[in-house]
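**Student:** Please read through the structure below; I'll follow up with questions.
The values are calculated or read from the model by the stated rules, or taken from the named source; none is laboratory data. Since we're looking at a predicted model, the values are computed, not measured. Note: ideal-geometry Cβ built from the backbone for every residue, glycine included; neighbour counts use all protein chains shown. Heavy atoms of the whole protein, side chains included, go into the accessibility calculation; ligands, DNA and RNA do not. Shrake-Rupley method; radii C 1.70, N 1.55, O 1.52, S 1.80 Å.
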Amino acid sequence: MNKIFEQMNNILTIYSKVLVVRFDLRTTQPMKDNKLINEFNKKFKQKLKKQYNCEVAYIWVREQTLTSNNPHYHCAVMINGHKAQSSFGIAKAITAAINNLSQPLSVYYPENNAYKIKRADAESVQRAIYRLSYLAKKETKGNRPLFTSDYQASRLKAI
């Protein structure tokens, strides 16, 4: 949760309005590391920066049940809400990034996956934080190879 708070706070120091989009990525085969999600993230951020010309904050968490060899990832991205009005453009960037990967991933968009938050509106920020708190649940975490991370977040700095 600390990384979620940190990155949300930091991007709100840069932009007074932020669009937060939550999505899931599923692998189709066993993964011993996070190379595929890192490859996706690199391509995804490049698409977003080109499309919106803005800073990007993100977080992903790896989960894997005890009965599955395939991990899945819960993800959130935060971008300039003055330029991005809905999750439609984000979904296009996700699809484009997935189509350029070395291995397949599938995407799932949960209900109510987009939140517009405003720097001066604590209620809008609280709603988004509550939604993203699902990423911090402990269940299905830790079932991973040694030296493989359970999560990663951007390192966006506050201004």
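**Student:** To the nearest 500 deg cm²/dmol, what mean residue ellipticity at 222 nm is calculated for the chain from DSSP H runs of n ≥ 4 alone, each contributing -39,500 (n - 2.57), summed and divided by the residues?
**Tutor:** Values: 4 runs with 54 residues, N = 159.
Helices in the chain give a 222 nm mean residue ellipticity of -11000 deg cm²/dmol.
**Student:** Given a 10 angstrom Cα cut-off, can you work out which residue in ARG62, ARG127, ARG26 is the most mobile in a GNM of the chain?
**Tutor:** For the chain, modelled as a Gaussian network with Cα springs under 10 Å, the answer is ARG127.
**Student:** Right, another one. TYR151's amide H: which non-local residues (gap 5+, or another chain) put their own amide H closer than 5 Å, with H modeled 1.01 Å from N in plane and none for Pro or chain starts?
**Tutor:** Those lying under 5 Å, H to H, from TYR151 are ARG62.
**Student:** At 7 Å along Cα-to-Cβ for each site, give me the label-to-label distance between ASN69 and THR13 in nm.
**Tutor:** It works out to 4.5 nm between the two label points.
**Student:** Moving on to the next point. Relative to the longest principal Cα axis of the chain, at what angle does helix 2-14 sit, 0 to 90 degrees, rounded to 10?
**Tutor:** The helix 2-14 is inclined about 40 degrees to the chain.
**Student:** Please give the contour-minus-distance gain from LYS49 to GLN103: 0.36 nm per residue of separation, less the Cα-Cα distance, rounded to one decimal in nm. Could the numbers behind the result be given before it?
**Tutor:** Details: separation 54, 0.36 × 54 = 19.44 nm, distance 2.30 nm.
17.1 nm is the gain from fully extending LYS49 to GLN103.
**Student:** To the nearest 10 Å², what's SER133's accessible area with a 1.4 Å probe?
**Tutor:** We get 40 Å² for SER133.
**Student:** Separate question: Please give the net charge around GLY81, taking every other residue with its beta carbon less than 13 angstrom from that of GLY81, where Lys and Arg add +1 and Asp and Glu add -1.
**Tutor:** Values: positive: LYS17, LYS83, LYS116, LYS118, ARG119; negative: GLU55, ASP121.
Summing Lys/Arg as +1 and Asp/Glu as -1 gives +3.
**Student:** Continuing with the same structure: Going 7 Å from the Cα of THR95 in the Cα-to-Cβ direction, what parts of region 114-128 have a backbone nitrogen less than 19 Å from that spot?
**Tutor:** 114
**Student:** Further question: Give me the accessible area of ILE37, 1.4 Å probe, in Å² rounded to the nearest 10.
**Tutor:** The accessible area comes out at roughly 0 Å².
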